[in-house]
Every structure is written in C-alpha cells, then in structure tokens.
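Only the coordinates and a few stated rules stand behind these numbers; no lab work does. The structure displayed is predicted, hence computed values, not measured ones. With ideal geometry, Cβ positions are generated from the backbone for all residues, glycine too; neighbour counts draw on all protein chains shown.
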Amino acid sequence: MDLRRSSVGWAVLAFAPLSLCLIAPAQTRSSTTSPASPQHAKKPAAPDSALDSGTVSNGVYRNKTLDFYCKIPEGWVLRTDELNAREDSKQEKKEVNPTAAQQPVASSAGAKVLLAAFSRPPEARAEDVNASILIAAERAGSYPGLEEAAQYFGPLTEVARAQGFTLDENPYDIAIGTKTLVRGDFHKDVGSRVMRQSTLAMLWHGYAISITVIGGTDDEVEDLVDGLSFGPNGK
C-alpha cells in the first residue's frame, strides 16, 4: 500500500494552526469496541457528488446523507466557513503557481470541512486546552491503496507524531449508532497540560470521513463522543 503523505492528515494539519494540532472523537459509553479488523474493508468508490455539507440548528450538526448528527456544546463557536475558505485559497494559489503543487501540502484535492467547532475562538489565548470538534471529508482516491478505514491511521499517525502527539494504542473498531468506525487516540504534553485527541474514521461512497475531537481530559473527550450518532436520529 502506498498512501501519499502529501495529502495525508489534512484534517490534522488544517486544524493545527487553530488549536495546536489534531482533532477527532473518542468513546461512547453506549458504544462497543474491538481491535480494528479487515472485515470492514471496502475499496473506495467514485466520490458521491451529493455529499451534504450538513446544517447546524439548536446546538446540533446534522448531515442527512451521512445519516449522522453531532451535538455541539452550548456557547461554542463555529469556524467551518473560515477553514473551507482557507483551503480554497490554498488551492487557488497552487493553480496559479503549479510548482507549489509539487511540494508536500497539508490539504488534498476535494477535501472539505463539514464542521469545525471550538469551545472558544481559536484566536483567544487561555491556559486550558481549547476543546474542539472537526469533521472532514476527503476523496479516498487521494490516498492510493486505501481500501479500509484502518489504513487511514498509518499516514495519520505519522503526521500526528510529527506534531508531537503520541498514539495511546493501536486503532480499534468502535460502534457509533448504526455504523462501525475505526478510532485512534492520541495525546500531547503542552507545558503543564495534556492535550487529548481522538479521531474516528470510515470510508463512505468514495470519501474518507474523519471525526476528530480534542479535549483537556479523557472525560471531556468522551463527553464529546457521546454526542455523536449515526442512524435515524441523524436525519
């Protein structure tokens, strides 16, 4: 398998300037977990152009095409449009300067932020970890050889380590509502604090979908994952 590093971990690096690094979900108390296995392997299909960007209403992000919802804690701020605008700007610069496209970049063609939410504005400095949720969709074809979600964590872990994160344990399967995703947990020492991140990934209709959450404690991360669900309630 030859997953291209130039586009790997876009979700991680796109978010890094805003909250010191990665993002994604963790466990759900009602979820079941097991070591990641190849039985969920699916070869990437052609991307579905009908992927919904989703909507936010009354503190809940809903995506009808993914049959998914995510609860956003009260008082959090959204930066989805800003991150997408940033990626669009990078893409435009590459089109103007083709040589730039030959350099390793932190984004991949067709990558899109579906949700970026923060416990406080990213530009507001504070001592505690800025808890965050990032949901992103990347074209699976940007990762040659990607046939199952577990493989996504190979290049993702490389990017995470380069950003100072440590993988807690091997990625494992986790049931979130009606779907089974692969989850990887990371941590990073930031001065006297510990930043904890969990990322959940799945392949869907030609896309690699990643959900990343960041928190200052395990409980904070788990609470955010508890607010995720796939199934009828996501409509």
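Quick look at the numbers
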{"item": "Residue among 230, 216, 184 farthest towards the positive dipole end of segment 158-235, charges placed on Cβ", "result": "230"}
{"item": "189, 67 arranged by Cβ crowding within 10 Å, fewest neighbours leading", "result": "189, 67"}
{"item": "All-pairs alpha carbon distance profile, segment 147-235, 5 Å steps from 0, percent", "result": "3, 13, 24, 25, 18, 11, 5, 2, 0"}
{"item": "Ordering of 196-208, 68-80, 51-63, 145-157 by burial proxy (mean other Cβ atoms within 10 Å per residue, highest first)", "result": "196-208, 145-157, 68-80, 51-63"}
{"item": "Where labels lie 7 Å past Cα in the beta-carbon direction, separation of residue 76 and residue 128 in nm", "result": "1.5"}
